[in-house]
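One structure below.
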Amino acid sequence: MQDKGTFINPFLRPRCLAAAAAAPAGKAKLTHPGKAILAGGIAGGIEICITFPTEYVKTQLQLDEKANPPKFRGITDCVKQTVQGHGVKGLYRGLSSLLYGSIPKSAVRFGVFEFLSNHAKDESGRLDSTKGLLCGLGAGVMEAVFVVCPMETVKVKFIHDQTSANPKYKGFYHGVREIVRQQGIRGTYQGLTATVLKQGSNQAIRFYVMTSLKNWYKGDNPNKAINPLLTGAFGAIAGAASVFGNTPLDVIKTRMQGLEAHKYKSTLDCAVKILRNEGVAAFYKGTVPRLGRVCLDVAIVFIIYEEVVKVLNTVWKTD
């Protein structure tokens, strides 16, 4: 029996060695944070140019408080009045501020996420859903502090200014100059707490769902390729989850950054006054247009991001 075993081992040994050699190939490749920053910035810039009109409508509906006579009867009426009063270009009022911010926002988001996830992945390069949530939370907080809060404050003021009888902001640079001149740098950081809560929960939910869906699809093969259309579908699901999960925070953030933000003493005071004066339903104002925008937004961003990273991997060797 011993001789027979010795006779068989030479045939088994190559298979074992081959399996051992193949094991490292099963480890998922890490994305260099530098590539993530560049790919994220490109994805963010393209996405916002496509989806901005839905963001404009969502913001207008959230600012159309019940405390005053409602100006808009819904999404269609908002679009109709805007086009009649300002032309189609009216739907793009505030785009410049969001475009200038969307590129660095997505760059920071994906850069921080990849940096954190590279340290959170297991030996096979797999990121579990819980760690994906925490990495997304970290990415959301960082983008809120460094990019989103000042960008969103300027955007909301621009859009709100258009509803005034005599708009006072003539353009992006003029608007920023006037805001800083009248209110200081603090004027661009209104609603910081609400923005951090919103962006943190946003990215925590999105990356949690995205990580879960990717892990489900890839199974035991972390390097299994995902079709761009499937990536888009996963992104749309992740976006929808974030909308239903944190729209109340988005409404509070918008109110805290509007031209009438002085009515609120704090984020909590804003929430209490909305609840007292307008009811629970007010916390979900703009959900439908936001749902359409965010699902499209997240789907586009993840598709472009993944495809740009693939291109960068061929021309930028970081291993």
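The values are calculated or read from the model by the stated rules, or taken from the named source; none is laboratory data. Note that the structure is a prediction, hence the values are computed from the model and not measured. Using ideal geometry, Cβ is built from the backbone for each residue, glycine included, and neighbour counts are taken over all protein chains shown. Side chains are part of the model used for accessible areas, which takes the heavy atoms of the whole protein and leaves out ligands, DNA and RNA. Shrake-Rupley method; radii C 1.70, N 1.55, O 1.52, S 1.80 Å.
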Angle in degrees between helix 2-22 and the longest Cα principal axis of the chain, rounded to the nearest 10: 20 degrees
Phe244 versus Asn221: modelled label distance in nm, points set 7 Å from Cα along the beta carbon direction: 3.2 nm
Ordering of 28-34, 220-226, 208-214 by packing [mean C-beta count within 10 Å, highest first]: 208-214, 28-34, 220-226
Accessible area in square angstrom per residue, the stretch 194-278, 1.4 angstrom probe: 43 Å²
For the chain, the spread of Cα positions along each principal axis, largest first, Å: 97, 40, 35
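Under a 1.4 Å probe, what is the accessible area of the stretch 46-182 per residue, stated in Å²?
Values: 6310 Å² over 137 residues.
Spelled out: the 1.4 Å probe surface of the stretch 46-182, per residue, equals 46 Å².
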Local net charge near Gln203, Cβ-Cβ under 14 Å (Lys/Arg +1, Asp/Glu -1): +1
Chain lengthening between Asn313 and Asp269 when straightened (0.36 nm per residue, less Cα-Cα): 11.0 nm
Share of carbon and sulfur in the accessible heavy-atom surface of the chain [1.4 Å probe, %]: 64 percent
Rough spin-label spacing in nm, given labels placed 7 Å along Cα→Cβ, for Val83 and Leu134: 4.9 nm
Residue-by-residue Karplus 3J(HN,Hα) for the stretch 125-140, coefficients 6.51, -1.76, 1.60, Hz, glycine and proline x: x, 9, 9, 7, 4, 5, 5, x, 5, 5, 5, x, 4, x, 5, x
Residues in the stretch 134-154 reached by a label modelled at His119 [backbone nitrogen below 16 Å; 7 Å Cα→Cβ]: 134-143
29 Å Cα-Cα threshold exceeded, pairs from Lys214/Lys285; Lys121/Lys310; Lys105/Lys168; Lys71/Lys273: Lys214/Lys285
